[in-house]
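The values are calculated or read from the model by the stated rules, or taken from the named source; none is laboratory data. All values reported here derive from a predicted model rather than from experimental measurement. Cβ: placed from backbone, ideal geometry, glycine included. Neighbour counts: every protein chain shown. Protein only, heavy atoms only, side chains kept; ligands, DNA and RNA dropped before computing areas. Shrake-Rupley method; radii C 1.70, N 1.55, O 1.52, S 1.80 Å.
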Amino acid sequence: MKPLGSLVCLLVLSSLALAQHKNPAHKKTAASAKAVPAWEAIHQSALIIDTHADTPQRFLDENFDLSQNTPVNDGHIDFGKIKKGNLGAEFFSIWVEPEFKGRYAARAMDLIDSVYQQAARHPEQMSMAFTADDIVRAHRQHKFAALMGIEGGHAIENDMRLLRDFYRLGVRYMTLTWSNTNDWADSSGDIQDPKVKHHNGMTDFGKDVVREMNRLGMIVDISHVSDATFYQALLVSQAPVIASHSSSRDLTNHPRNMTDDMLRAVARNNGVVMVNYYSAFVDEDYRKAAYDPEKMKQRDAQVEAFKKQHAHADGSPVPYAEYAFIEKKWAEQFPRPPLKSLIDHIDHIAKVAGVDHVGLGSDFDGVTSLPQGIDSAADLPKISEALYQRGYSAENIQKILGVNLLRAMRDVEATARRLQTERKEADTLSFEELELMIGNRVTTEHLLDVIREHGVNFDLTPERRTRLKAEKTDDMVLDAIGKAKKR
Ligand SMILES: [Zn+2]
């Protein structure tokens, strides 16, 4: 792809000029806007959606507030960085550490609450969002949209009712696993560990979870899962899936990353792969250095010693936020990879899966190392700049920045509506079912309830009326059938 340079520049500048004309608050003239490079105009006019940040742990465990503009070493996201990077929407990760065994759901609830608390404290700057339309609406109001995704299917505690409750609380995606295999789906994180009981992908319950997510309109997220879980989820899911924060395995050989075959499978499913920025997932040299077994042993020993020293009096686990500084310090010994490595992943996925199937899933506030130049959300414009320099058109850059994710989300929402309608149709009363109930002497009152609640899928023809009359059916029931909605 070649830069469309001047044409794009002209188009973007003229649309910028129009926008400024409409908004009297803008004092800039079209002449001064000419100084804005084309890539910056593209970036600033885009709706940018990132699908993975671990900031809720900071909200909950560090009492961090988005209005505190902390150094990049402490955190990747706050209002200052959001504004500078023009980040429009973030899926905040509801990550439940496996150490919280016995209270996974409670921990998830606390993290969910922490996101709502931020929105409640800052209604002028941000708003909660639950649909693609909500994201667009918030963007029009110049507000940062906060969404939530559960990281780790163990959070539902093997209970479909909890899955539905999480949806009701606003959770819009769930990774089927985190790095731990759960009772119904295998993870890439421990697939080689013979001590872990695996399922060859997913159990029947796991497949039902995917089906129920489709019906609810919760995006099935295949980041972290094993390859077998990935392919099975794609077979079962009727809606597009996403990888909320995964990169290319062809470029960086980590099992968390996706093979080219998997990328093509997501494209066929109309899903999106959101690229993870973590240095060890985007740079093979960094991965090899950081995954040195001896070095990892040292890190783990330091973490264990800290956890022992700082054990909580009530026996609750020491959360990651408390010892993250150890891992960050440890990671500093490995040189950060160049920004090019990250851009290579976006480019590779765009070429293999297609430019409609790639997006951004930073993993901000969840990783110990980022490529050079990307210190926080404030540096997002550098990604647009690099893509522009590689010849990506304005349209394609904006697809990567957010349009693709919006499309997939809309598709998930439409699939849920269709599945819910089909379910309703399946629930409507057939003439045979009604006859059976009357034959079984079900009370008139109950019959009326069932007819009103579910509707009927037949017309009350004279012949049917006669048959029901012969069974001594109450006239009120016949009346109700006549009025019931045919679904
Ligand atoms: Zn993750």
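For H122, state whether it is more than 12 Å from F91 (Cα to Cα), crowded, with 19+ Cβ neighbours inside 10 Å and at pLDDT 95 or above. Judged against the criteria, H122 is not a match.
Of all residues in the stretch 61-103, exactly one satisfies the criterion of being among the aromatic types (F, W, Y), within 21 Å of R137 (Cα to Cα) and away from the ligand (no atom under 16 Å from the Cβ), namely F79.
Would you check if there is a residue in the stretch 316-326 being at pLDDT below 95 and more than 29 Å from the chain's Cα centre (by Cα)? Walk me through how you get there before you give the answer.
In the first step, residues of the stretch 316-326 are kept if they are at pLDDT below 95; the result is 316-326.
This time we only want the ones that are more than 29 Å from the chain's Cα centre (by Cα), so: none.
No, because not a single residue in the stretch 316-326 is at pLDDT below 95 and more than 29 Å from the chain's Cα centre (by Cα).
I191 passes every criterion in (1) open to solvent by 40 Å² or more (accessible area, probe 1.4 Å); (2) without any contact (Cβ under 8 Å) to a residue 60 or more places away in the chain; (3) within 16 Å of the ligand (Cβ to nearest atom); (4) not aromatic (F, W, Y) apart from (2).
For the condition in a helix (DSSP H, G or I) and either in contact (Cβ under 8 Å) with a residue 60 or more places away in the chain or of a type outside the set (D, E, K, R) (or both), what is the one hit in P71, P56? Walk me through how you get there before you give the answer.
Details: P71 fails: in a helix (DSSP H, G or I).
Exactly one of P71, P56 is in a helix (DSSP H, G or I) and either in contact (Cβ under 8 Å) with a residue 60 or more places away in the chain or of a type outside the set (D, E, K, R) (or both), namely P56.
Is it true that some residue in the stretch 290-301 is outside any helix (DSSP H, G or I), crowded, with 16+ Cβ neighbours inside 10 Å and not aromatic (F, W, Y)? No: the stretch 290-301 contains no residue that is outside any helix (DSSP H, G or I), crowded, with 16+ Cβ neighbours inside 10 Å and not aromatic (F, W, Y).
Go through the stretch 354-389 and give me each residue that's of a type outside the set (F, W, Y) and within 16 Å of the ligand (Cβ to nearest atom). Scanning the stretch 354-389 gives G359, L360, G361, S362, D363, D365, G366, V367, T368, S369, L370. In the stretch 260-286, the residue that is farthest from the ligand (Cβ to nearest atom) out of those that are open to solvent by 40 Å² or more (accessible area, probe 1.4 Å) and without any contact (Cβ under 8 Å) to a residue 40 or more places away in the chain is R268.
Quick check on my filter: what residues within the stretch 63-115 are at pLDDT 95 or above, touching a Lys or Arg at 6+ places or on another chain (Cβ under 9 Å), farther than 24 Å from D221 by Cβ and surrounded by 16 or more Cβ atoms within 10 Å (Cβ to Cβ)? Selection gives F64 alone. Scoring A394 on the criteria (1) over 21 Å from the mean Cα position of the chain (by Cα); (2) among the hydrophobic types (A, V, I, L, M, F, W, C); (3) under 30 Å from K483 (Cβ atoms) leaves a single failure, condition (3). Scanning the stretch 155-178 for residues that are open to solvent by less than 10 Å² (accessible area, probe 1.4 Å), under 23 Å from N257 (Cβ atoms) and either part of a helix (DSSP H, G or I) or not aliphatic (A, V, I, L, M) (or both) yields Y173, T175, T177. When you scan the stretch 421-438, do you find a residue that is assigned to a helix (DSSP H, G or I) and under 30 Å from D356 (Cα atoms), even just one? For the stretch 421-438, residues assigned to a helix (DSSP H, G or I) and under 30 Å from D356 (Cα atoms): present.
The rows are residues; the columns are (1) out of contact with any His (no Cβ under 9 Å at 6 or more places or on another chain); (2) of a type in the set (D, E, K, R); (3) over 30 Å from L216 (Cβ atoms); (4) in contact (Cβ under 8 Å) with a residue 12 or more places away in the chain.
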| site | (1), (2), (3), (4) |
| --- | --- |
| D300 | yes, yes, yes, no |
| Q309 | yes, no, yes, no |
| A313 | yes, no, yes, no |
| P337 | yes, no, yes, yes |
| H348 | yes, no, yes, yes |
| G373 | yes, no, yes, yes |
| I397 | no, no, yes, yes |
